[in-house]
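A short worksheet on the structure shown next.
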């Protein structure tokens, strides 16, 4: 099939019963799981994915922004598109588009990634491993995930412990686990995320204790995660009532 909007890779998924809220709509963290999965499949198909570990290199998600127009439900078949959207300085950008069966847009997302050396954690130039036909370093997207600041009035706080199920292949907390933490925090206020922007600030591991601080500024909710007062992530959310 011809891919829309210069996207480069696509897969179809069916929303499972294990991926939805009690209302039957997909959880934001489950949608983020699918976006992360298709990103890896695309990268692996182009030899700039997991094979980079052979050269002690790894991709780290730095910022992520997801905007949902309509949440798919249990049993819905959805099609997800992804593609490189250029690079700026040390960031490589990847965009996502989600369709329903009738080619109606359900969600859009943009992400920015850093290429790190696995041992030294030094940032490397993304164009050193990216195919130029997919990630043109001379181009950059007009939509870039923003750098966030914690704002508003504090409305809640809790402490959680990082569990084994939160971890990824690198023994760090998975990108989507942070989104699940945000969703759980919002549920305490009878809310769920419709749009989320998240900055990943530092890594955390099994056993770490994370203090989640929730604030509100007009219609926006902010969730800050800290470990020993060190910021781990910061999210900004546009929320709906559960």
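Among the residues of segment 18-38, count how many are part of a helix (DSSP H, G or I) and surrounded by 17 or more Cβ atoms within 10 Å (Cβ to Cβ).
Of the residues in segment 18-38, 11 are part of a helix (DSSP H, G or I) and surrounded by 17 or more Cβ atoms within 10 Å (Cβ to Cβ).
Here is a list: 85, 41. Which entry is part of a strand (DSSP E or B) and in the same structural domain as residue 118 (by TED's automatic domain parsing)?
Exactly one of 85, 41 is part of a strand (DSSP E or B) and in the same structural domain as residue 118 (by TED's automatic domain parsing), namely 85.
Got a sec? Which of 47, 136 is farther than 29 Å from residue 240 by Cβ, surrounded by fewer than 18 Cβ atoms within 10 Å (Cβ to Cβ), at pLDDT below 95 and not assigned by TED's automatic domain parsing to the domain that holds residue 8?
Residue meeting the stated conditions: 136.
Just to be sure I understand, how many residues within segment 221-242 are surrounded by 15 or more Cβ atoms within 10 Å (Cβ to Cβ) and more than 19 Å from residue 107 (Cα to Cα)?
Residues flagged as surrounded by 15 or more Cβ atoms within 10 Å (Cβ to Cβ) and more than 19 Å from residue 107 (Cα to Cα) within segment 221-242 amount to 10.
Conditions (1) without any contact (Cβ under 8 Å) to a residue 60 or more places away in the chain; (2) within 13 Å of the chain's Cα centre (by Cα), marked per residue:
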position: 31; (1), (2): no, yes
position: 38; (1), (2): yes, yes
position: 43; (1), (2): yes, no
position: 46; (1), (2): no, no
position: 72; (1), (2): yes, no
position: 83; (1), (2): no, no
position: 93; (1), (2): yes, yes
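The values are calculated or read from the model by the stated rules, or taken from the named source; none is laboratory data. Model, not experiment: these values are computed from the prediction. Cβ coordinates were reconstructed from backbone atoms using ideal geometry, including for glycine residues, and neighbour counts include every protein chain displayed.
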